[in-house]
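Notes to accompany the following structure.
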Amino acid sequence: MSKRRRKVLPTEPVRCDVEKLSHDGRGIARQDGKILFVDGALPGETVMAKVVSTRSKFDELRTLEVLEAAPDRQVPPCEFADLCGGCSLQHMSSDAQIEFKENTLREQFAHFGGIEPEEWIEPIRPESTLGYRRKARMGVRYVKARESVLVGFREKRNSFLTDIDRCVVLDPRIGERILPLRELLHSMDAYARIPQVEVACGDDTAAMVFRNMDDLSSGDRDKLIGFGQAHDLHVYLQPKGPDTVHRIWPESTGKDDERLSYRLEAFDLTMKFHPMDFTQVNAGINKDMVNRAVEWLDVQPDERVLDLFCGLGNFTLPLARKGARVVGVEGDDAMVVRGRENAELNGLANVSFHGADLHGDFTGQSWAKEGFDKILIDPPRSGAEEVCKYLTAFNARRIVYVSCNPATLARDAGVMARNGYRLVRAGVMDMFPHTTHVESIALFERD
């Protein structure tokens, strides 16, 4: 059987009159009954674009020239924005980005949940849209034709790494060191055997985790240690799975020593975490988000509170500072341990952490049998549909739902509405500026 021939793409640029944005941030235009998805184009613009992919019902294009610009267009703050897939909205003003995210949340509530909040809150916005990102996984690739090593993020809509030497969105402790990182990797014996570098930043310390496919030579280890010393970075190796991650600089004195940390000053809390742990990428927005969630729950000293998908205790411990009895539940056993460590570190005895499968009926667990007055839910992108089916068993009067996916939040809101909860208020939080990622928060109450 012969291989299917690839379609020959048009070589002439296409004139596109952009009507609106798709949920992934591409301009939408129409031509001859076909939908055109145009990277780098904004609603109301006329652009010339190159066809990069074609299907029976739609084509994908990349903007070459803006003939008529929208008022919301701005010069991207990053010189690599047109090519790099790490960001998709740098050509759009911050106000327009927020409006786009708010509209996405509204549309998802209407489409998936058939519901709308009684009140829309003002968005939670960062002090700066640059240098905010504290967590990232960067690809590494040796390019033989160039005799160089690339480090960074994939190009838009393909698997190639973007040729960058800095990143203005990453925390400067990382983003300003990509070029020396490339030079370091190129100088190593294992230049073609390190496929990725995971980065994580605490308030006072930044770390890089190098995924080494083979045992490193003593010379390579010395180079990595020297890089950490020169740039004030903690350096880790990952020879196999996540459990093999270990620090080589500074020299580790034990697992408890291999921690970064951040402060939640409003609650006098220090939160410790391992570089591979899940933490929020935007420290400023995280603080505002925690403050908002605690305010909305309005926990009283005699109330029991449940924190589902609690992670290392980012919400659990601030809630415990309010004097309630707080139960944190998490599916990842390692994070349950981390939560207990943080509770002990901060001297909190009115909180407990438990591991449980939150994709099934957990109402029979010992920690669940006494019921709860208030509940906080902060699930992964897949949402908490199963959890929402069982919430009536706890008879909680108030629930705060923190979401990283408006579609699953809207779906789950519909489930909660059918179970007697009102969607009192909701709004977006700009956790990931310059991207289409929509973080949101919603308050539900039961009469």
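Could you grab the pairs with beta carbons closer than 7 Å, sequence gap of 6+ or different chains, first residue in the stretch 124-150 and in a strand (DSSP E or B), second one open to solvent by 30 Å² or more (accessible area, probe 1.4 Å) and β-branched (Val, Ile, Thr)?
Once the first residue is in a strand (DSSP E or B) and sits in the stretch 124-150, its partners that are open to solvent by 30 Å² or more (accessible area, probe 1.4 Å) and β-branched (Val, Ile, Thr) give Leu150/Val143.
Check the stretch 83-96 and report whether any residue there is in contact (Cβ under 8 Å) with a residue 24 or more places away in the chain, open to solvent by 20 Å² or more (accessible area, probe 1.4 Å) and part of a strand (DSSP E or B).
no
Of all residues being closer than 29 Å to Gly139 by Cα and among the polar types (S, T, N, Q) in the stretch 34-92, which is nearest to the chain's Cα centre (by Cα)? Just the residue, please.
In this case the residue turns out to be Ser88.
Taking the stretch 203-227, which residues are under 26 Å from the mean Cα position of the chain (by Cα) and either open to solvent by less than 20 Å² (accessible area, probe 1.4 Å) or farther than 23 Å from Ala136 by Cβ (or both)?
Matches in the stretch 203-227: Ala206, Ala207, Met208, Val209, Phe210, Asn212.
Only one residue in Ala293, Ala283, Ala320 is surrounded by fewer than 21 Cβ atoms within 10 Å (Cβ to Cβ), on the phi < 0 side of the Ramachandran plot, of a type outside the set (Phe, Trp, Tyr) and touching a residue at least 12 places away in the same chain (Cβ under 8 Å). Which one?
Ala283
If you check every pair at least six apart or on different chains, which have Cβ atoms under 6 Å apart with a residue in the stretch 435-446 that is within 14 Å of His23 (Cα to Cα) first and a residue that is of a type in the set (A, V, I, L, M, F, W, C) and open to solvent by 10 Å² or more (accessible area, probe 1.4 Å) second?
Thr435/Cys87; Glu439/Cys404
Kindly establish whether Ala192 is in contact with a strand residue (DSSP E or B) (Cβ under 8 Å, 6 or more places away or on another chain) and closer than 30 Å to Pro123 by Cα.
no
Which numbered condition in (1) in a loop (DSSP other than H, G, I, E, B); (2) surrounded by fewer than 21 Cβ atoms within 10 Å (Cβ to Cβ) is the only one that Asp288 fails?
Against the list (1) in a loop (DSSP other than H, G, I, E, B); (2) surrounded by fewer than 21 Cβ atoms within 10 Å (Cβ to Cβ), Asp288 comes up short only on (1).
Tell me the strands (runs of 3 or more DSSP E) entirely within the stretch 170-248 that contain at least 3 residues that are within 18 Å of Arg133 (Cα to Cα).
Filter on the stretch 170-248 gives 196-201, 206-211.
The values are calculated or read from the model by the stated rules, or taken from the named source; none is laboratory data. Everything numeric in this text was worked out from a predicted model, so none of it was measured. Cβ atoms come from the backbone with ideal geometry, glycine included; neighbour counts cover every protein chain shown. Side chains are part of the model used for accessible areas, which takes the heavy atoms of the whole protein and leaves out ligands, DNA and RNA. Shrake-Rupley method; radii C 1.70, N 1.55, O 1.52, S 1.80 Å.
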